[in-house]
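Pasting a structure below so you can have a look.
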Amino acid sequence: MANKAIIELLHVTRRYRNNKSSAAHDISFKVEEGEVLALLGPSGSGKTTLLRLIAGFEAPDQGEIFLEGREVGSGTVFVPPERRGIGMVFQDYALFPHLSVAANVVFGLSHLNRRDQARKEDEILELVGLSSLRHRYPHELSGGQQQRVALARALAPDPIVLLLDEPFSNLDPDMRTQMQREVSSILEKTGSTAILVTHDHEEAFAMADQVALLNEGELEQHDTPEVIYHTPASPFVADFVGKADFIPGIVRNHLITTEIGPFPNKQELPTGTEVMVMIRPDDIDLIPNPRAENTLFRRQFRGSENVYRILLPSGQVLHSSQHSLTVYPDQTKVELKLKVTHTVVFEKSTGIFEKDAYGRYRVRSRG
Ligand code: ADP
């Protein structure tokens with residue numbers, strides 16, 4: 001049986017008057033019960049616009065939004081935010097500074113009697129690990145603690161869905177990773193359905209069951225993190241979710257011929273098709289060989305790995321990540337061993353590639 005859709009967007013478009021293009025264009029997706037969806041994309045790609053449409057701070061110009069099967073936003077229906085049953089956690093937490101932790105948490109519970117409020121307060125503070133700090137005020141808390149209060153306040157009224165708007169961007173990197181883990185574990189315990197807005201693919205991958213990747217108001221791909229990373233639907237996705245190099249190739253005799261050898265023609269593209277082959281740094285192994293034509297240069301030490309640049313005879317550059325203890329001197333000649341099953345091929349005619357000043361291919365952002 002299919003899981004219940006908690007949120008559904010159908011062909012949602014939002015256009016701002018002073019903008020030529022849509023902030024969100026023809027977006028459709030579902031979020032199922034208990035699922036965490038990350039809305040991922042660069043700045044200006046439409047993430048906040050979608051969150052605001054779902055929360056009810058704005059109405060779509062076209063399309064429909066459903067919450068638990070109930071239409072809440074369309075050309076004809078508009079349910080205001082306070083009647084949508086949504087919990088929000090904002091980037092700056094937006095706690096009430098003059099209220100204690102406990103009072104912040106029960107703020108949205110005025111419909112309950114005192115006893116039920118107290119029970120809920122205990123339950124939620126226990127859940128987020130703040131029971132001992134209930135009498136403190138927001139300015140007496142660390143960033144991570146303030147965020148837990150914001151999460152507790154959003155969860156207290158048992159929302160249908162929790163919307164998290166770049167919730168970790170104000171935390172330092174160590175704290176960010178810890179809070180990502182904590183928030184994930186709290187969402188799992190409560191079985192909450194949530195949408196997380198982020199521009200950080202690692203955060204999206206670490207926290208979400210599904211990722212919706214946006215580019216200039218369009219939904220480029222909606223899939224699990226693994227599918228997005230390993231089989232990106234477009235060069236933009238490939239480039240956005242991790243280091244990716246692209247080398248040109250051409251279909252000949254059922255294979256894709258490139259400067260670094262043949263690749264399988266899995267899409268069965270016709271002979272003569274010009275393509276770009278995407279290669280990730282973890283798909284290339286290196287075999288030192290003085291007679292090889294590829295040259296290593298500029299090793300980058302990243303702690304757990306070394307990332308090498310490889311100059312090919314044509315001037316194209318690839319990257320290879322190797323174990324941090326595998327150190328080759330600069331200018332070492334290497335043969336390349338590729339995990340060809342992993343590579344993804346895009347037709348070159350998509351027009352999204354451009355050559356940089358060195359003649360190397362890059363993904364151009366749309367528009
Ligand atoms: P993101 O959250 O991914 O950074 P936004 O949803 O905030 O992106 O913005 C998407 C596009 O819509 C951008 O081009 C932005 O400039 C534009 N935009 C957002 N809000 C408004 C507004 N209130 N008025 C006009 N344009 C807006």
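The values are calculated or read from the model by the stated rules, or taken from the named source; none is laboratory data. These figures come from a predicted structure and were not determined experimentally. Here the Cβ is made from the backbone with ideal geometry for all residues, glycine too, and neighbour counts use every protein chain on show. Side chains included, ligands, DNA and RNA excluded: accessible areas come from the protein's heavy atoms. Shrake-Rupley method; radii C 1.70, N 1.55, O 1.52, S 1.80 Å.
Determine the dipole magnitude for segment 241-367: charges of +1 sit on the beta-carbon of Lys and Arg, -1 on that of Asp and Glu, nothing else is charged, the reference point is the Cα centre, and the result goes in debye to the nearest 20.
The dipole of segment 241-367 has a size of about 240 debye.
Let's see if you can work this out: charge +1 on each Lys and Arg Cβ, -1 on each Asp and Glu Cβ, no other charges. What is the dipole magnitude of the chain about its Cα centre, in debye to the nearest 20?
For the chain, the charge dipole is close to 560 debye.
Taking only DSSP H segments of four or more residues, each worth -39500 (n - 2.57), what value at 222 nm results for the chain once the sum is divided by all its residues, to the nearest 500 deg cm²/dmol?
Only helices count here, giving -6000 deg cm²/dmol.
A follow-up question, please. Going toward the positive end of the dipole of segment 5-230, with +1 on Lys and Arg Cβ and -1 on Asp and Glu Cβ, which of L151, I27, S100 do you reach last?
S100
Holding the Cα-Cα limit at 23 Å, pick out from K243/K337; K266/K355; K20/K348; K266/K339; K243/K348 the pairs that are longer than that.
The pairs that break the limit, which is 23 Å between Cα atoms, are K266/K355; K20/K348.
When only Cα pairs under 8 Å and 6 or more residues apart are kept, what is the percent relative contact order across segment 5-230?
29 percent
Just the ratio, please: alpha-carbon radius of gyration of the chain over 2.2 N^0.38 Å, N its number of residues.
Relative to the rule-of-thumb radius for its length, the chain sits at 1.18.
With an 8 Å Cα cut-off and a minimum separation of 6 or more residues, compute the relative contact order for segment 1-79 in percent.
34 percent
Toward the positive end of the charge dipole of the chain, about the Cα centre and with charges on Cβ (Lys, Arg +1; Asp, Glu -1), which of F57, N18, V72 goes farthest?
So the residue we want is N18.
For segment 243-363, build the charge dipole from Cβ charges (+1 Lys, Arg; -1 Asp, Glu) around the Cα centre, then report which of V340, N289, F246 sits farthest towards its positive end.
So the residue we want is N289.
Sticking with this structure for a sec: With all protein chains present, how much of the accessible area of segment 98-159 (probe radius 1.4 Å) comes from carbon and sulfur, to the nearest whole percent?
Answer for segment 98-159: carbon and sulfur cover 48 percent of the accessible area.
Quick check for you: which residues of segment 127-152 have the amide N under 17 Å from the point 7 Å beyond the Cα of D172 toward its beta carbon?
So the set is 141-147.
Sort 194-204, 13-23 by the packing proxy (mean of other Cβ within 10 Å over each peptide's residues), most packed first.
In descending order of packing, they fall as 194-204, 13-23.
Averaged over all directions, how much area does the convex hull of the C-alpha atoms of segment 243-363 cover when projected, in nm²?
7.7 nm²
Which whole-Hz ³J(HN,Hα) couplings does segment 351-358 yield from phi under the Karplus relation 6.51 cos²θ - 1.76 cosθ + 1.60, θ = phi - 60°, glycine and proline marked x?
x, 9, 9, 9, 9, 8, 4, 9
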